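Since every read-out is calculated from the coordinates, none of them should be taken as a lab result. These numbers were taken from a predicted model, which means no experiment stands behind them. Cβ: placed from backbone, ideal geometry, glycine included. Neighbour counts: every protein chain shown.
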Amino acid sequence: MDQAPEEKKAIMRRKRDAKVADHFSQYAPVWLVDEQFNLEEDAIQFEVVFFHSKYGWVKRRYRYDSYQNVLYQMGQEAIDEESTFELQNEDPYVGAEFVNTVDSYGG
């Protein structure tokens, strides 16, 4: 039985969110700025923005393979802090009670 596209997207999001929770907690707060679904490949490509202790503000692209439950980092680019001001006024995708970039592993 095939799932409706919106139901499939919701399942893929839940699986992705569970997979990335630990990884993104070291960078929190993290804002989700883009996501694109490939339903035929059971994959989501998405971008997040966060402050990295080594690189400053970055926009990082990921691909989540829902079928295999694997997260791939697809690159990143440095962005200037001014471009994040509006974003910082929004609720983050992964929040933080406090920012602890010292304990992030630098990856």
Inset, instruction - Working only within segment 37-74, note down all residues that are at positive phi and touching a Phe, Trp or Tyr at 6+ places or on another chain (Cβ under 8 Å). - result: D42
Inset, instruction - Please enumerate the residues belonging to segment 9-58 that are in a loop (DSSP other than H, G, I, E, B), over 17 Å from G95 (Cα atoms) and touching a residue at least 24 places away in the same chain (Cβ under 8 Å). - result: L39, E41, D42, K54
Inset, instruction - For segment 81-99, name all the residues that are touching a strand residue (DSSP E or B) at 6+ places or on another chain (Cβ under 7 Å) and more than 14 Å from V33 (Cβ to Cβ). - result: E81
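Residues are listed down the side, and each one gets a yes or a no for (1) surrounded by 17 or more Cβ atoms within 10 Å (Cβ to Cβ); (2) among the basic types (K, R); (3) within 22 Å of E82 (Cα to Cα):
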position	(1), (2), (3)
A4	no, no, no
A21	no, no, no
Y27	yes, no, yes
D34	no, no, yes
L39	no, no, no
A43	yes, no, no
E47	yes, no, yes
F50	yes, no, yes
K54	no, yes, yes
Legend entry - Neighbours by Cβ (under 8 Å, 6+ apart or cross-chain): first from segment 68-82, touching a residue at least 40 places away in the same chain (Cβ under 8 Å); second among the basic types (K, R): N69/K15; N69/K19; L71/R16; L71/K19; L71/R63
Inset, instruction - Considering every residue within segment 72-93, establish whether at least one is touching a helix residue (DSSP H, G or I) at 6+ places or on another chain (Cβ under 6 Å) and surrounded by fewer than 18 Cβ atoms within 10 Å (Cβ to Cβ). - result: no
Inset, instruction - Considering only segment 46-59, state which residues are of a type outside the set (V, I, T) and out of contact with any Asp or Glu (no Cβ under 7 Å at 6 or more places or on another chain). - result: F50, F51, H52, S53, K54, Y55, G56
